Amino acid sequence: MIMKNVFNVLIVPAFLLCSFQKESSLIQSKDSEIVTTKSDRIIYLFFKADKDYSGNTKITLQSTKIADGRLKHVPSFDRDDVRKGDLVIILIGSDGKEVVKQLVKDPFNPELEVYEKEGISRHKASLQNTEFSARFSYSENVKSVKIEKATDDGIQVLFTQKL
């Protein structure tokens, strides 16, 4: 019985001490993780697109914003995923090479879900002007943006601008 009491008096405080040390190390690692996260940045690009009656598209970069943060998911796509009317936004580095690409499904013909008594159905809308945006992990190396449109004849460059 005395041995059991001595065991409890020595072991229980040791377990408590170890558990508090683990919690304090977890708190320290969370703080250090926050510091590294704050150095990461995201660039947001906001575009406006207009289509004239002959079908020619004009795209303008409305604004660019850089914010602290990190993308949780980096979108990627395969060239086989690109359909007629889709746009590919490409960031180009100072060396002239493509840094990253992002697919924007045809912004002039978005697919809308309609909730009716019969259920949910999808319809394509046809727009003459639209707005769309893209976000990327920020890099000092990125110097310009290019937008390509998929057509029946291949790829057409619609927009190029320095950032």
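The values are calculated or read from the model by the stated rules, or taken from the named source; none is laboratory data. Just so you know, these numbers come straight off a predicted model, no measurement behind them. Protein only, heavy atoms only, side chains kept; ligands, DNA and RNA dropped before computing areas. Shrake-Rupley method; radii C 1.70, N 1.55, O 1.52, S 1.80 Å.
The equivalent ellipsoid that matches the C-alpha gyration tensor of the stretch 82-133 spans semi-axes of 33, 11, 8 angstrom, in descending order. Surface calculation, 1.4 Å probe, protein heavy atoms: LYS149 sits at approximately 40 Å² accessible. For the stretch 77-163, the calculated P(r), taken from all Cα-Cα distances in 10 Å bins from zero up to the bin holding the longest distance, is 15, 40, 28, 12, 4, 1 percent.
At the residue level, THR130 shows approximately 20 square angstrom of accessible surface with a 1.4 angstrom probe and all protein chains present.
With 29 Å as the limit, the listed pairs LYS58/LYS117; LYS51/LYS117; LYS101/LYS124; LYS105/LYS162; LYS124/LYS149; LYS58/LYS124 have LYS58/LYS117; LYS51/LYS117 beyond it between alpha carbons.
Scalar couplings 3J(HN,Hα) for the stretch 107-115, obtained by applying the Karplus form with A = 6.51, B = -1.76, C = 1.60 to θ = phi - 60°, are x, 7, 9, x, 8, 10, 8, 10, 9 Hz; x denotes Gly and Pro.
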